[in-house]
Structure formats: structure tokens, C-alpha cells
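Inspection log for the structure reproduced underneath, given as C-alpha cells.
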Amino acid sequence: EAGTLTALILGDKTELEDEIKESYQNAGIAHILSLSGLHIAALGLLLLKMLRKSGLPVWAASLISGIVMLLYSIMTGLSTSTVRALVMYLLAVTAQSLGRTYDLISSAALAAILILLENPGYIYDSGFLLSFSAVMGISLLHPLLQELCKGITEGRLLYSLHNSDALPAKFVKAIGSSLLFSLSIQLATLPVTQYCFFQLPVYGILLNLLVIPLMSALLGAGVLLSVAGNLAILFAKQYILHMLFQNFSILSSKITYDILKLYDLLTGTANGLPGNLWICGKPSPLQILLYCFSLVVLLTLFSQIVSKSQEAERSDDPLLLRRVEGLRRRYRRISVLALFLSVVLLSFRSGAPLELHAISVGQGDCMLIYGKDTPVILIDGGATDVKNTGKYRIAPCLKAHGISKIDYVFISHFDADHVNGIIELLEAVDNGITIRRIIISAVVPLLEENPNFLALAAAAKENKRLDRNGVPVMLMDAGDIIEEGEISVACLGPDVSGSERFRGRDLNDNSLILWLLYKKNGFSALFTGDMSQATEQGILEDYYNGAAYLVPLSSPVTLLKAAHHGSKSASSPEFIKLVSPSITTISCGRDNSYGHPHKAALETLSGIPGNRIYSTPQSGEITVKVYDGRITVNTWLDAK
């Protein structure tokens with residue numbers, strides 16, 4: 001647990017295991033790994049209390065604790081959340097020394113100004129936004145939520161509990177107060193969390209009820225361990241001092257170990273529960289603006305009601321007091337409804353009837369397809385020039401679009417740049433994404449064993465999120481058709497049952513060729529894997545010889561996924577003329593060593609009148625939205 005403890009106390013994550021980090025993130029307690037107000041307040045106040053008990057005056061104890069916290073913050077790297085917490089702590093102890101009132105909002109504002117003066121770009125940093133929105137939640141939303149809960153706690157059912165001083169009642173009230181405190185932070189940080197991370201840990205609020213109270217003990221024991229451990233080594237030749245500090249080290253290490261193992265148990269349990277992650281997707285700036293506006297309105301009304309209540313109490317007018325109390329009751333009811341609707345509005349995701357996204361994975365292929373009345377389809381997923389393609393490219397893209405379940409994963413062939421990201425998705429069983437089934441070409445079992453195929457089969461068997469037998473892997477042959485909702489997916493090759501041609505081909509030329517039809521308006525798309533011009537020539541021969549499964553090619557396709565990343569060896573003029581696409585997407589890596597997309601392929605594709613060509617290196621993610629009467633194409637880089 002040394003790597004975890006080092007990250008917790010020093011902010012040094014170099015030895016932190018990726019599994020622990022991901023487990024904490026998915027469980028909603030990753031904030032304890034970032035040096036923030038929790039660390040500064042816990043350690044600073046602990047030191048301040050010890051100095052005060054030693055007999056030092058307030059100003060001296062405050063000065064020493066402030067200097068120590070400043071040095072501690074510098075040592076741990078001065079992250080935005082650490083600087084914010086440090087400024088606020090220094091202002092708090094200074095106010096205490098001078099006998100002045102400490103104002104949370106003012107100190108947070110000063111911290112924000114200082115940070116942004118040093119680097120205005122921090123306004124886009126998720127750590128900055130989360131840190132300051134959490135402070136706003138504590139200072140502004142928490143009093144509002146307390147007001148909204150008064151109508152419940154003062155009601156008949158909870159009146160006796162609210163006014164009881166019994167130990168069980170105090171415990172329940174403490175739990176309720178902690179939940180309310182956590183909820184105020186969650187509501188304030190909700191837009192930032194959804195916009196930056198696209199997911200919410202469902203059990204995070206409950207988990208933090210146990211995690212946060214133990215942090216003070218964990219930090220204190222961790223600091224004691226570091227000090228006593230070094231002193232034990234320093235006094236190795238002085239038996240009494242050595243044994244004293246060694247025993248302190250053993251005791252503190254036992255405490256830290258037990259707490260960290262409890263954290264592991266809690267996060268493992270939470271991540272193993274159904275629905276542990278809510279994949280919420282990415283809200284639009286307008287949704288965030290409306291959400292913030294609704295909170296501002298509620299807070300403004302709350303401020304006016306508090307002002308009227310204070311005025312009524314000063315006047316001691318019974319009639320005015322009753323009017324204000326009636327106003328507060330109406331405000332509580334309206335505010336609860338308004339908060340609920342605001343969260344619903346922020347979390348609502350609208351989309352086109354059909355959307356196709358060419359995900360920018362680098363030197364590889366990945367196409368995401370989904371819609372209102374269609375299954376979620378992923379065709380290929382991998383790259384050779386980007387590490388952890390599934391974790392850092394495909395999974396975030398799926399989550400940004402609010403997708404947690406993939407109905408069909410089609411794998412054209414088993415080159416790494418088409419499949420390694422899919423294997424990652426299967427192996428990451430706690431990432432919140434489930435796969436229902438995998439479709440591969442019927443040619444795969446007939447060829448010699450492929451390491452990537454074996455890896456995928458093993459990962460699919462071990463992935464038991466939906467089925468204890470794992471994710472089923474199914475075969476598709478030329479002429480096979482899958483229909484679900486408004487989508488029809490037909491296999492145009494390779495023809496395993498009707499031809500032996502596949503036996504003399506390599507992996508690329510045995511790519512699964514798919515034709516997709518959107519039944520509502522006839523939109524069609526052709527996905528060609530990495531097939532070469534030789535395979536295209538074979539398809540042309542079979543088509544002109546009347547092969548029934550190639551009938552879809554008798555009409556031009558709306559969208560073509562260019563074969564083999566726009567290679568020179570693919571996209572023959574005869575084949576491109578036959579399919580005559582209106583939109584062509586090319587997926588490849590920026591400045592790749594293969595020269596994709598090749599000039600010859602681009603010239604061939606450009607020869608089709610009206611064909612709009614997009615490539616991921618220049619466009620980023622390419623989004624095609626299909627409506628009843630129109631089709632739109634948006635590119636990520638152009639949008640930026």
C-alpha cells in the first residue's frame with residue numbers, strides 16, 4: 001500500500017497502481033488521491049491544535065502551522081486544488097489570530113483570482129472547476145438544502161427524532177447531516193463531472209460517509225509513519241530511541257494499512273454492485289447554463305426569504321411571521337421540484353434518429369452507430385500508434401455519447417489496429433460498459449489460429465457482466481442479415497460457404513464486409529475493413545455474375561468507410577464507381593508512416609461527383625447524423 005499512501009500524503013502518483021486508481025475513480029472517492037482542502041484542513045488543523053495545546057499563543061501557533069502548510073503544499077506540487085485550500089487555510093488562521101470574521105466565499109474568490117493571475121488557462125482545468133464548485137456547494141447550496149429539509153424534519157413523522165437528544169437519534173441526524181453535506185457538493189459539481197467525465201458513481205455519496213471521516217486518522221497516521229520511520233533509521237545505533245520510533249512506525253503503519261484495506265473492500269464492493277456507474281453522457285453548454293441559472297434563481301429567492309424572516313423576527317409581528325412561514329413552505333415545495341427538474345434537464349440527452357461516429361482512434365478503425373430506434377453497434381476498435389486505445393479513446397467516446405451497453409460489436413478482421421481496443425473493453429469489467437455479443441467472419445475458425453483472436457475469445461469468456469458464460473462470439477457469412485429496430489446489417493463477404501477463394505487470402509482481404517440500411521429513409525453505409533483492390537475485383541466479378549447477397553450494391557451507398565485507411569492498394573476506380581458514395585470517411589493516424597490516406601485513393605474517391613471526403617487526422621471524430629429529410633456531417637476539429 002506504499003504507492004497509495006504516497007499518493008494520499010505527498011500527491012506523488014508514480015507508484016500508485018492503475019487498478020487502485022481506477023477502482024477509486026469508479027467508486028467516487030478518487031478525490032482523496034488529490035491534495036486538496038481535505039488534506040490541508042486535516043493536517044493544518046491537527047498541527048494547530050497540537051501547538052495550541054503545547055501552550056503557544058494563537059498568533060504563534062497560526063504562524064507556524066501556516067508556514068508548515070505552505071512548505072507542505074510546495075513539496076506536494078502546488079496543484080490548483082492545493083493552492084486553493086492553502087490560501088483559504090492561511091486566511092482562516094490569520095482571521096483567527098486577528099480576531100476577525102472568516103468568510104468562506106471571499107477567501108475562495110481571492111484564491112481563484114491568485115490562481116488565474118498565475119495562469120488564466122486554469123479556467124478550463126477540471127481540477128480547478130471541481131475544487132471551486134465544491135466550495136460553492138458547501139457555502140451556498142448547503143444552507144439552501146438545510147432549508148428544504150426543514151419541512152421534512154419538522155413534520156409529524158420526524159418531529160420526535162428531530163427534537164430528540166438520545167444517542168440513536170443523534171447518530172441518525174449526523175448521518176443525515178453528512179448526506180446533506182455530500183449532496184450539496186454533488187449538486188454543485190454535477191455539471192463539471194458530467195461535462196468532463198461523462199459518468200457518475202451511483203454509490204459515491206454513501207461511500208464517502210465512511211471514507212472521509214477516516215481520512216483524518218489516515219493522514220495523521222501516515223505522517224507519523226513517515227516521521228517515525230525515518231527517525232528509527234536515523235537512531236539505529238541508539239537502542240532506546242530506535243525501539244521507540246520503530247514501535248511508533250509499526251503502530252502507524254498498522255493503522256494506515258487497515259484503513260487502506262478497508263477502502264479497497266469498500267470500493268471493490270461498490271464497484272461490484274449492479275449499476276455502480278451511471279453513464280450520463282456529456283451535456284451541452286446550453287444545458288449547463290440553464291442548470292446554473294436555475295440554481296442562481298433559487299439562491300436569490302432563498303436570500304430574499306432569509307432577509308424577510310429576519311425582518312419579521314425583529315418586528316415580532318405574529319401576522320407577518322405567519323406570512324413569512326407560509327412563504328417559506330411554498331418556497332420549499334417549489335425549490336425541491338425546481339432542483340429535480342434542473343438535474344433532469346442537465347442529464348437529458350437528445351440525438352438524431354440515426355448517428356454514425358468515425359471515432360478518431362489513431363492508426364486504426366472504429367465506427368460507432370446508434371439512434372433512437374436502432375441498436376448500438378461498434379464496428380472494429382483498435383489502433384497501433386496509440387496505447388490503451390480502448391481505455392483512452394473508445395470508452396470515453398462511448399461515455400460522452402451516454403452509451404453504456406453495446407448490442408453488436410463487429411470485428412472485420414484480427415489485425416491489432418482493428419481489435420486491440422475491443423479486447424481492452426472486454427477486460428475492463430468495471431468500466432461501466434457492457435457488450436452483448438460479438439460478430440466475426442465465418443472465415444476466422446477456418447484459418448490458422450490468430451493470437452488476437454485467441455485473446456479476444458479469452459476476454460469474451462471471462463467477461464461475465466451480462467452472462468455467466470461470458471460474451472457470445474458469433475459467426476457471420478456472406479448473405480447473412482441481422483435486423484433489429486430500424487436497422488438492417490447484411491454481410492457481403494467473405495463468402496465462406498459458396499467459395500474457396502478465402503483460403504488464398506491474407507487477413508486484410510478476408511475482412512468482414514458489411515452493408516447497413518436504415519429502413520426509414522433508405523440511408524445506407526458500406527464498411528469494407530482492410531480489403532484490397534484484389535478483393536474488390538472479386539466482389540465486382542461476383543456482383544456482375546448475379547450473386548444474390550451483393551444485390552445491395554445495385555444502388556449507390558450514402559456513406560463509405562474507405563478500405564484499408566485510404567491505402568494505395570485499396571479503393572479501385574471500378575469499385576468506387578459502383579458504390580458511388582456521397583460521404584466517405586477515412587480512419588488513420590496523423591503523420592502515419594504508411595502515408596495514409598494515399599494520394600491515389602483520394603483522387604479516386606474525389607472522382608465521384610458530390611462525394612464529400614473526411615479523414616480523422618484532419619477532422620477528428622466525424623459525426624454523421626441522419627434525419628427524416630436531411631443528413632448532416634460535423635467534425636470535431638472544425639467545431640473546435
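Here are the numbers for the structure shown:
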{"item": "Criterion violated by SER303 - all others in (1) modelled with pLDDT of 90 or more; (2) surrounded by fewer than 12 Cβ atoms within 10 Å (Cβ to Cβ) satisfied", "result": "(2)"}
{"item": "Condition broken by LEU56, with the remaining ones in (1) in contact with an Asp or Glu (Cβ under 9 Å, 6 or more places away or on another chain); (2) open to solvent by 20 Å² or more (accessible area, probe 1.4 Å) satisfied", "result": "(1)"}
{"item": "Scan of the stretch 296-331 for residues that are of a type in the set (Lys, Arg) and farther than 17 Å from LEU144 by Cβ, ordered by number", "result": "ARG314, ARG322, ARG323"}
{"item": "Residues satisfying the stated conditions in the stretch 421-430, i.e. open to solvent by 10 Å² or more (accessible area, probe 1.4 Å) and touching a helix residue (DSSP H, G or I) at 6+ places or on another chain (Cβ under 6 Å)", "result": "ILE423, GLU424, GLU427, ASP430"}
{"item": "Residues within the stretch 344-367 that are assigned to a loop (DSSP other than H, G, I, E, B), touching a helix residue (DSSP H, G or I) at 6+ places or on another chain (Cβ under 7 Å) and open to solvent by 20 Å² or more (accessible area, probe 1.4 Å), tallied", "result": "1"}
{"item": "Residue, farthest from SER342 (Cα to Cα), within the stretch 271-286, restricted to residues that are in contact (Cβ under 8 Å) with a residue 12 or more places away in the chain and assigned to a loop (DSSP other than H, G, I, E, B)", "result": "LEU273"}
{"item": "Matching residues, the stretch 598-628, being open to solvent by less than 80 Å² (accessible area, probe 1.4 Å), out of contact with any Cys (no Cβ under 9 Å at 6 or more places or on another chain) and not hydrophobic (A, V, I, L, M, F, W, C)", "result": "HIS598, THR604, SER606, GLY607, GLY610, ASN611, TYR614, SER619, GLY620, THR623, LYS625, TYR627"}
{"item": "Selection from the stretch 571-602 of residues that are under 37 Å from the mean Cα position of the chain (by Cα), closer than 30 Å to LYS519 by Cβ and assigned to a loop (DSSP other than H, G, I, E, B)", "result": "PRO581, SER582, SER587"}
{"item": "Set LEU550, LEU507: member being crowded, with 21+ Cβ neighbours inside 10 Å and of a type in the set (A, V, I, L, M)", "result": "LEU550"}
{"item": "Contacts under 8 angstrom Cβ, first residue in the stretch 460-474 being touching a residue at least 12 places away in the same chain (Cβ under 8 Å), partner open to solvent by less than 100 Å² (accessible area, probe 1.4 Å) and among the hydroxyl-bearing types (Ser, Thr, Tyr), 6 or more apart", "result": "ARG465/THR434; LEU466/THR434"}
{"item": "Residues of the stretch 26-48 satisfying the condition of being more than 18 Å from LEU214 (Cα to Cα) and either open to solvent by 80 Å² or more (accessible area, probe 1.4 Å) or under 21 Å from the mean Cα position of the chain (by Cα) (or both)", "result": "ASN26"}
{"item": "Residue tally, condition of a type in the set (A, V, I, L, M, F, W, C) and assigned to a helix (DSSP H, G or I), over the stretch 411-448", "result": "8"}
{"item": "Residues located in the stretch 450-470, provided they are touching a helix residue (DSSP H, G or I) at 6+ places or on another chain (Cβ under 7 Å) and more than 22 Å from LEU507 (Cβ to Cβ)", "result": "ASN463, GLY470"}
{"item": "Per-region count, the stretch 539-562, residues more than 18 Å from VAL489 (Cβ to Cβ), of a type in the set (A, V, I, L, M) and part of a helix (DSSP H, G or I)", "result": "1"}
{"item": "Top-ranked residue in the stretch 572-597 [being at pLDDT below 95 and open to solvent by 60 Å² or more (accessible area, probe 1.4 Å); ranked as nearest to GLY362 (Cα to Cα)]", "result": "ARG590"}
{"item": "Residue match in the stretch 225-248 (condition: assigned to a helix (DSSP H, G or I), in contact with a Ser or Thr (Cβ under 8 Å, 6 or more places away or on another chain), over 19 Å from MET50 (Cβ atoms) and without any contact (Cβ under 8 Å) to a residue 40 or more places away in the chain)", "result": "yes"}
{"item": "Tally of residues being in contact with a Leu (Cβ under 8 Å, 6 or more places away or on another chain), farther than 17 Å from GLN363 by Cα and not in a loop (DSSP other than H, G, I, E, B) across the stretch 606-640", "result": "5"}
{"item": "Counted residues, the stretch 469-481 - those being open to solvent by 50 Å² or more (accessible area, probe 1.4 Å) and β-branched (Val, Ile, Thr)", "result": "2"}
{"item": "Test: residue in the stretch 482-489 that is buried (at least 18 other Cβ atoms within 10 Å of the Cβ), without any contact (Cβ under 8 Å) to a residue 60 or more places away in the chain and not hydroxyl-bearing (Ser, Thr, Tyr)", "result": "no"}
{"item": "Residue, most open to solvent (accessible area, probe 1.4 Å), within the stretch 368-399, restricted to residues that are outside any helix (DSSP H, G or I) and closer than 15 Å to GLU427 by Cβ", "result": "LYS387"}
{"item": "Options ALA455, ALA478, ALA459: the member that is in a helix (DSSP H, G or I) and touching a Leu at 6+ places or on another chain (Cβ under 7 Å)", "result": "ALA459"}
{"item": "The stretch 251-266, subset hydrophobic (A, V, I, L, M, F, W, C) and farther than 16 Å from ALA7 by Cβ, residue least open to solvent (accessible area, probe 1.4 Å)", "result": "LEU266"}
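This table checks each residue for (1) closer than 22 Å to PHE527 by Cα; (2) aromatic (Phe, Trp, Tyr); (3) touching a strand residue (DSSP E or B) at 6+ places or on another chain (Cβ under 6 Å).
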position	(1), (2), (3)
LEU290	no, no, no
THR300	no, no, no
ASP316	no, no, no
ARG330	no, no, no
ILE359	yes, no, yes
TYR392	no, yes, no
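One line per residue, one yes/no per condition, for (1) surrounded by fewer than 16 Cβ atoms within 10 Å (Cβ to Cβ); (2) of a type in the set (Val, Ile, Thr); (3) closer than 22 Å to LEU356 by Cα:
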position: HIS401; (1), (2), (3): no, no, yes
position: VAL419; (1), (2), (3): no, yes, yes
position: ILE433; (1), (2), (3): no, yes, yes
position: LEU446; (1), (2), (3): yes, no, no
position: PHE453; (1), (2), (3): no, no, no
position: ALA458; (1), (2), (3): yes, no, no
position: LYS461; (1), (2), (3): yes, no, no
position: ASP467; (1), (2), (3): yes, no, no
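For (1) open to solvent by 30 Å² or more (accessible area, probe 1.4 Å); (2) at pLDDT 90 or above, each residue gets a yes or a no:
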site: ALA134; (1), (2): no, yes
site: ILE138; (1), (2): yes, yes
site: SER160; (1), (2): yes, no
site: PRO191; (1), (2): no, yes
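The values are calculated or read from the model by the stated rules, or taken from the named source; none is laboratory data. Worth saying up front: this structure is predicted, and the values here are computed from it rather than measured. Cβ: placed from backbone, ideal geometry, glycine included. Neighbour counts: every protein chain shown. Accessible surface is based on the protein model in full, side chains and every heavy atom, while ligands, DNA and RNA are left aside. Shrake-Rupley method; radii C 1.70, N 1.55, O 1.52, S 1.80 Å.
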